[in-house]
Amino acid sequence: MDFSGSHILSIDQFERSDVEKLFSLAESLEPYSNKEKITKVLDGAILGNMFFEPSTRTRISFGASFNLLGGSVREITEAGSSSLAKGESLADTAQVLSGYSDIIVLRHPDEGSVRKFSESSRVPVINGGDGSNEHPSQALLDLYTIKKELSQNSKTVDGLKIALVGDLKFGRAVHSLCKILSLYDNVKIKLISPEELRLPEKDTQLLQSKNVTLEETENLEEGIKDVDIIYVTRVQEERFKNKDDAKKYKGLLSLNKEIYTANCEPNTVIMHPLPRDSRKHANELDSDLYENPNLAIFRQADNGISIRMALFALVLGVEDQVEKTSRAVNWHVTRDH
Ligand code: CP
């Protein structure tokens, strides 16, 4: 794939070599994401960071990544504060915003909306999540995390055994993750969800066509035995037509210290795209696992910076120029965890 000038809309665009290229660049950018060095390679560039749905990680890490490359960020943080609320079309919004920005990240509640927006945009658009469809940058940072965590135990993504837990029907992070895992060899996925929240058939068909081994169960204890990674997800309440229906599924699949200790191999890594729903009735990933060194959720969120920096550098074609304007930082912050 030619990253330069491309929209990044779906993991469908990626081959394994593209993923590896991005990861190699992300690794080389870690001195910047770790705040040891700064660069001005995107000095003067403007990111339009357009979020028409709530976000903490994706919005802030895309913005911070652009700042760390020396660029500036302009934001919309809710549909109600934009002229979409006055009836302006997505196409007109794209025409206008792409006149003000060099690249745009868009999150929107409707499936396919980011692709539609990109068709009227004059600059590259990155999908920050479109409804329950896809969240490609999340899948990239998830796989980057999986690789790093597995390497601690001398394992690789080829041969990975992973359990995906929770709302596999509406979870866009899971949909993109399944696609990216299908690029690797001998992957085994255990799908753990209530019957009504099973992974959509189009996704299971894709995985089967790529020789991914699938097992499905509604039983958490059974599903998390003999896996390298447990990837827990939240019930996506915002996607249910009737919010009361979502309540039925909250708290059904809840991973805690007792269940982990009784069923998991030592070193089984725990991931979650976050946010986790920590309210008592949901609590899909209990805080009693906080001291477990295999809990990778905050390392996973941190990895979003170098992955998103790498995406910007490749799409804007500056990946070979980062060092030219690089220098050591003047400040020092200790991050213990
Ligand atoms: N993982 C993720 O997309 O988090 P936010 O909704 O906070 O961006």
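Any idea which residue in region 273-298 is nearest to the ligand (Cβ to nearest atom), counting only those that are in a helix (DSSP H, G or I) and touching a residue at least 12 places away in the same chain (Cβ under 8 Å)?
297
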### Query
So which pairs qualify, if the first residue must be in region 25-38 and assigned to a loop (DSSP other than H, G, I, E, B), the second must be at pLDDT 95 or above, the Cβ gap must be under 6 Å, and the two must be at least 6 apart or on different chains?
29/306; 29/309; 29/310
### Query
What single numbered condition from (1) at pLDDT 95 or above; (2) not assigned by TED's automatic domain parsing to the domain that holds residue 35 fails to hold for residue 247?
(1)
### Task
Among the residues of region 29-40, write down those that are surrounded by 15 or more Cβ atoms within 10 Å (Cβ to Cβ) and either not charged (D, E, K, R) or not assigned by TED's automatic domain parsing to the domain that holds residue 70 (or both).
29, 31, 32, 33, 38, 39
### Message
Suppose the filter is modelled with pLDDT of 95 or more, more than 16 Å from the ligand (Cβ to nearest atom), surrounded by fewer than 16 Cβ atoms within 10 Å (Cβ to Cβ) and closer than 26 Å to residue 263 by Cβ; does residue 204 pass it?
### Response
no
### Message
Looking only at residues that are within 16 Å of the ligand (Cβ to nearest atom) and out of contact with any strand residue (DSSP E or B) (no Cβ under 7 Å at 6 or more places or on another chain) in region 76-92, which one is nearest to residue 113 (Cα to Cα)?
### Response
79
### Task
Report, by residue number, each residue of region 166-186 that is in a helix (DSSP H, G or I) and in contact (Cβ under 8 Å) with a residue 40 or more places away in the chain.
172, 173, 174, 175, 176, 177, 179, 180
### Message
Among the residues of region 211-221, are any within 17 Å of residue 172 (Cα to Cα), in contact (Cβ under 8 Å) with a residue 40 or more places away in the chain and not in a loop (DSSP other than H, G, I, E, B)?
### Response
no
### Message
With the requirement that a residue be outside any loop (DSSP other than H, G, I, E, B), among the hydroxyl-bearing types (Ser, Thr, Tyr) and either within 16 Å of the ligand (Cβ to nearest atom) or under 15 Å from the mean Cα position of the chain (by Cα) (or both), what does region 47-75 give you?
### Response
58, 61, 65
### Query
Out of all the residues in region 133-177, which are more than 16 Å from the ligand (Cβ to nearest atom), of a type outside the set (Lys, Arg) and closer than 20 Å to residue 195 by Cβ?
163
### Task
May I ask you to verify whether residue 118 is touching a residue at least 40 places away in the same chain (Cβ under 8 Å), crowded, with 21+ Cβ neighbours inside 10 Å and away from the ligand (no atom under 16 Å from the Cβ)?
yes
### Task
Say whether the condition of being part of a helix (DSSP H, G or I) and of a type in the set (A, V, I, L, M) is met by at least one residue in region 325-337.
no
### Query
Can you tell which of 246, 262, 301, 313 is touching a helix residue (DSSP H, G or I) at 6+ places or on another chain (Cβ under 9 Å), in a helix (DSSP H, G or I), within 22 Å of residue 195 (Cα to Cα) and not hydroxyl-bearing (Ser, Thr, Tyr)?
246
### Query
Does residue 3 fit the bill of being among the aromatic types (Phe, Trp, Tyr) and in the same structural domain as residue 323 (by TED's automatic domain parsing)?
no
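The values are calculated or read from the model by the stated rules, or taken from the named source; none is laboratory data. These numbers come from a predicted model, not from an experiment. Cβ sites come from the backbone with ideal geometry, for glycine too, and all protein chains shown count toward neighbours.
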